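Quick notes on the structure that follows.
The values are calculated or read from the model by the stated rules, or taken from the named source; none is laboratory data. It should be emphasised that the depicted structure is a prediction, and the values quoted were computed from it without experimental measurement. FYI the Cβ positions are ideal-geometry reconstructions off the backbone, even for glycines, and counts take in every protein chain you see. Areas reflect the complete protein model, heavy atoms only, side chains present, ligands, DNA and RNA absent. Shrake-Rupley method; radii C 1.70, N 1.55, O 1.52, S 1.80 Å.
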Amino acid sequence: MSDAKASSKSSSKHHGQFGRVPTAIVGVVVMFLLAMAVNFIARAIGGRWDLTENNLYTLSDGTRNILKRLDTPVTVRYYANDSSDFMSPAELAYSKRVEDLLREYQKAAGGNLTIQKLNPEPSTDAEDSAILDGLQRGLSRETGTEIYLGIAVTCVDETETIPFLPARPETLMEYDLSRAIARVHDGAGSIVRIMTTMQIGGGFSGNPMMGGGGSTPAWFFVEDLRRDFTVEFLPINAEEIPADTETLIVLHPYDITEQTQFVIDQYLLKGGKVVVAVDPNFFYARAMGSGGNPMQAMGGPAPNSNMSKLFEAWGVKYDDTKVVADLTYGTEIIRQGYFVPTFLTLNQDAMTADDPIVKFLQNAQFLTPGGFTITPPEGVTKLDLVTTSPQTQLVGSFEADPTQEDAIRRLRDEFKSSDTSYAIISRLSGSFKTAFPDGNPADAEKKEGEGAEGDEAAKAEEAKKDEEPKKEGDEAAKPASLKASEKEGVVLLISDVDFLYDAVCVRLNQIPGLGMTIPEPLNGNLSLVQNAIDQLSGDPELINVRSRSSSRRPFTKLNEWLSQAEAKFRGELSEFEQKAKDAETRINDILKQTPGNVQDALLSPEVQSELETLRKEQVGMNKKVRELNKEMKRDFDLVQNLIKLLTTGAMPILVILVGIALAISRRMKTAAR
């Protein structure tokens, strides 16, 4: 008993000196000071610990490789009015992040990159330098003051400028800076030529007699390509592809001829690189002929395109009248619950993980795409880069239209899976055989048009040439056209054109009063096409940098659960809707059975009774359909709320449970003493 009292007194004396609460407070303060000290030391030595999933705040391997190959000094001038007189606290924090990024670049470059920070206040040498470098003043969104916040990159006599950093998404900052460094160090990009009839490069288009003829902006993907390459256009009836074409893009060739396909064939056999984008249902074609309104199908290019002669030679099966519907990768658009299986959002599960074109993409979206099934010919290798799930069905263009809600609902209700996975993007590479063994089809047409007399004259001329003695050293006459590859070629096949249309891939945010547009990528589509062109004719290191830029993630699980919820009630909904249609049919049959005055027939007691019964049944069925829809929505909302609870409440609950467990354990140990 006395020992217990002594122990109690000793414990009381120990806690009486400091007390439990003050001890805990001192512990918290010490931990806080330690954290502050670690952060200060790391900041002083430039250390950082990036805990984001995709290392968004760590220089990518592509950037590091670009910096490692610098063998000529590069100077980066960073212009910023970073004082509270010009910038808001948020803008000052943004400016500090830019400085931190530039410091990372300088460390990784190993002495070949110099960073100069300048404050271009009015009437200073720094402001004159900013003007000479081509920077633009921008308007602070919070203070309303005009500010400089841009970068100029110089190597020898080459200069690249990022005029106003906030005009581009912050996620693209590393790519913009790495691209500028690569451009000034390595020189201008290659020549990329685009073959299309559509007005996608900007300029004037339309029929003045129909109220058109106004200026049209370039598609954003074209503007994006122009930043890295020399972009030129070829007509769809081009008779040759210039030899200095690094990559040829054939976009929606709805009006292509066999002669033009022959020209492309010969370019490929010489070792050319071709990107072909076709579409069974170019949804926004109608917008191109109706002032940008896709609901008006007036003018514009034809909706479907094909290159059948070349596709046949390349082993490509493609139906230009059928769209791929995919229940796994369909997208919810317009409003919650409107699930469209012909607007595909494809994530990394649908992509070839180890290919640079798609390796770092989060997702890509395709609107009413077609599908390829490819059996490559001998000597050609195929690699499918983006594919659908096996839960697919080929449907007609009207059934695929996302604006036709009844058609989309029928498609979901009556969906019959083909268990076939289609390629949306595929690459063919190797030694190709010509698709035109008989030579240029234009020559064949000319020969058919010649008369017998012309044929005899041609034969006589040929015989005369044969009789002439050949000079020593004369080379053997070259064939009129190539029959097989001189060098290995590459073809990138894409079964959608909409994925490059601005409304699908980018949101252009206008800044009032400045005439400035800030692009916001909606998905990985722009990165995908830029990656492809970089791989074929540009700097492959930029693929790694650019593809990190998109941090948007589609709610694929929610879409999957929505599809499951619909499947649960689809049978009952279809049955009720069919009964409603039968009721309407029976009413119409009753009216057709009265050859006389319809009004009199409708007023007869038996017809009125039948009509009333049918109306009641129809009203009852409509009510049940609404109830089923509500129940389906409740199930979907339940899943959504569960996700929200788990994402917001799981960690606090876990901390509380761990705290309770520790408290109980501590109390048990104390009681044991």
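Numbers below:
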item: Residues satisfying the stated conditions in the stretch 57-72, i.e. of a type in the set (A, V, I, L, M, F, W, C) and assigned to a helix (DSSP H, G or I); result: ILE66, LEU67
item: All helices (runs of 4 or more DSSP H) inside the stretch 205-313 with 2 or more residues being modelled with pLDDT of 95 or more and closer than 21 Å to THR434 by Cα; result: 258-269
item: Candidate set from the stretch 193-204 (those that are part of a loop (DSSP other than H, G, I, E, B) and either open to solvent by less than 60 Å² (accessible area, probe 1.4 Å) or of a type in the set (A, V, I, L, M) (or both)); member that is modelled with the lowest pLDDT; result: GLY202
item: Qualifying residue in the stretch 131-149 (condition: surrounded by fewer than 18 Cβ atoms within 10 Å (Cβ to Cβ) and at pLDDT 90 or above); result: yes
item: Residue count, the stretch 235-270 (criterion: without any contact (Cβ under 8 Å) to a residue 60 or more places away in the chain, open to solvent by 60 Å² or more (accessible area, probe 1.4 Å) and charged (D, E, K, R)); result: 3
item: Subset of the stretch 390-425 [surrounded by 14 or more Cβ atoms within 10 Å (Cβ to Cβ), of a type in the set (A, V, I, L, M, F, W, C) and free of Cβ contacts under 8 Å to residues at least 12 places away in the same chain]; result: ALA407
item: Test result for ALA126, of a type in the set (A, V, I, L, M, F, W, C), open to solvent by less than 50 Å² (accessible area, probe 1.4 Å), more than 29 Å from LYS68 (Cα to Cα) and without any contact (Cβ under 8 Å) to a residue 60 or more places away in the chain; result: yes
item: Residue within the stretch 305-313 that is open to solvent by less than 10 Å² (accessible area, probe 1.4 Å) and under 19 Å from ASN525 (Cβ atoms) present; result: yes
item: Residues of the stretch 352-374 that turn out to be part of a loop (DSSP other than H, G, I, E, B) and either of a type in the set (Ser, Thr, Tyr) or open to solvent by less than 20 Å² (accessible area, probe 1.4 Å) (or both), as a count; result: 9
item: Residue selected from the stretch 66-110 under the condition over 14 Å from LEU165 (Cβ atoms) and among the hydrophobic types (A, V, I, L, M, F, W, C), by the criterion surrounded by the most Cβ atoms within 10 Å (Cβ to Cβ); result: ILE66
item: Hits in the stretch 396-427 (condition: touching a Ser or Thr at 6+ places or on another chain (Cβ under 7 Å) and among the aliphatic types (A, V, I, L, M)); result: ALA400, ALA423, ILE424
item: Within the stretch 107-166, tally of residues that are in a loop (DSSP other than H, G, I, E, B) and touching a strand residue (DSSP E or B) at 6+ places or on another chain (Cβ under 6 Å); result: 9
item: In the stretch 138-164, the residues that are free of Cβ contacts under 8 Å to residues at least 24 places away in the same chain and among the charged types (D, E, K, R); result: GLU146, ASP157
item: Those residues of the stretch 654-668 which are open to solvent by 100 Å² or more (accessible area, probe 1.4 Å) and not aliphatic (A, V, I, L, M), in sequence order; result: ARG666, ARG667
item: Residue match in the stretch 45-53 (condition: acidic (Asp, Glu), modelled with pLDDT under 75, within 30 Å of ARG141 (Cα to Cα) and surrounded by 10 or more Cβ atoms within 10 Å (Cβ to Cβ)); result: yes
item: Subset of the stretch 504-523 (residues that are modelled with pLDDT of 75 or more and of a type in the set (A, V, I, L, M, F, W, C)); result: VAL504, CYS505, VAL506, LEU508, ILE518, LEU522
